[in-house]
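The block underneath contains the structure these notes are about, expressed in structure tokens.
No value in this document is a laboratory result; all are computed from the given coordinates. Please read all numbers here as calculations on a predicted model, not as lab measurements. Neighbour counts run over all protein chains shown; Cβ positions are idealised from the backbone, glycine included.
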Amino acid sequence: MTTYPVAIHRSQDLVNPDNGSAFRAFVRQALSAPMLSAEEEHRLASQYRDENDLEAAHKLVHAYLRLVLKIAREYGNYHLHLPDLVQEGTVGLMHAVKKFDPCHGNRLAAYAAWWIRAAIHEFILNSWRMVKIATTQLKRQLFFKLRQAKESPLPLNWDEAEELARKFGTDAATILEVDGRMSGADTSLNQSVMGEDEGEIIDLIPDHRPNQELVSMDQERTRKMRLMIRQGLDRLNPRERMILSQRFLTEKPTTLDTLATTFSISRERVRQIEKRALEKLKEFFQTIPGSRDLVQEMA
């Protein structure tokens, strides 16, 4: 978690969205704060960077509060509270002051604008929907570009999506996905369904989870099959047991030719031993009560 000087935190208190008078005070202060010349800005930034002068940092933040307010107002069409946008933008400004290096010859305003927008963008993306609408960097960028480029609030058609895809260097499917998420409102799964049968939306969503009763039955059937096979193999001689194990109980069955080489017998002889061993197993399985279905599954 990023920490900021106490002096910088004083400006954050002014944008508490729960306090309307505090926000009005912030606006007045932002509009009345004196603008800094390039020399004054360089001096204050150097004092903060080289001497950890918190008062210098405080002056830099307050000098650019109007920039935060200006940028925050650009996002008014996202239907979020302006004080919230300003608060997030102010955090971005604080971070910019903390990172700003006056020796590079740039003005703080140009540097801070990126940080302010980044903080506001993050807040909008996290607040826009209960389910995140932008899961990749490309989709995050498209979210803001599409809102600026669209001429109508209606969903895009395929031709419009292809045109925007060429403009933004992506594909129409991605454009339509982001546009669909932007256009769709959050709906409660507990919302009532209008119709003959009363119920909620959640009742209409199919449950694809496995039936626990069936899962339990399958597990018990598998356990019994493994026990039967183990007991049946114990009744075979070592060569029969090895041949069946290598032919049927391994991920990659061993070929008859390989087993013939292993036991120094012919391929046909291996096949005969395998057939006889299977018959012995089948005879044993038939002596176990209630094993008929299991034998059929193993056949």
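Measure up K59/K145; K99/K167; K98/K145; K98/K167; K99/K145; K224/K280 against 25 Å on the Cα-Cα distance and list the ones that go over. Walk me through the intermediate numbers first.
On the way: K59/K145 34 Å; K99/K167 33 Å; K98/K145 29 Å; K98/K167 36 Å; K99/K145 27 Å; K224/K280 18 Å.
Listed pairs above 25 Å: K59/K145; K99/K167; K98/K145; K98/K167; K99/K145.
With each label point set 7 Å from Cα along the Cα-Cβ vector, what nm distance links R241 and R107?
Going from the R241 label point to the R107 one covers 8.8 nm.
With each pseudo-label sitting 7 Å past Cα toward Cβ, what's the Q272-R226 distance in nm, one decimal?
About 3.6 nm separates the two model spin labels.
Roughly how many nanometres apart are two label points built 7 Å out from the Cα toward the Cβ at D234 and N126?
6.1 nm
Stretch T261-N52 to full length: gain in nm at 0.36 nm per residue minus the Cα-Cα span? Before the final figure, lay out the partial values.
Numbers: separation 209, 0.36 × 209 = 75.24 nm, distance 8.17 nm.
Taking T261 through N52 to full extension adds about 67.1 nm, to one decimal.
Would you mind calculating the gained length between L249 and E213 on full extension (0.36 nm times residue separation, minus the Cα-Cα distance), in nm to one decimal?
Working: separation 36, 0.36 × 36 = 12.96 nm, distance 2.78 nm.
Full extension of this stretch gives 10.2 nm more.
Subtract the Cα-Cα distance of Y78 and W158 from 0.36 nm times their separation in residues, and report this length gain in nm to one decimal. Working shown, then result.
Details: separation 80, 0.36 × 80 = 28.80 nm, distance 2.45 nm.
Length gained between Y78 and W158: 26.3 nm.
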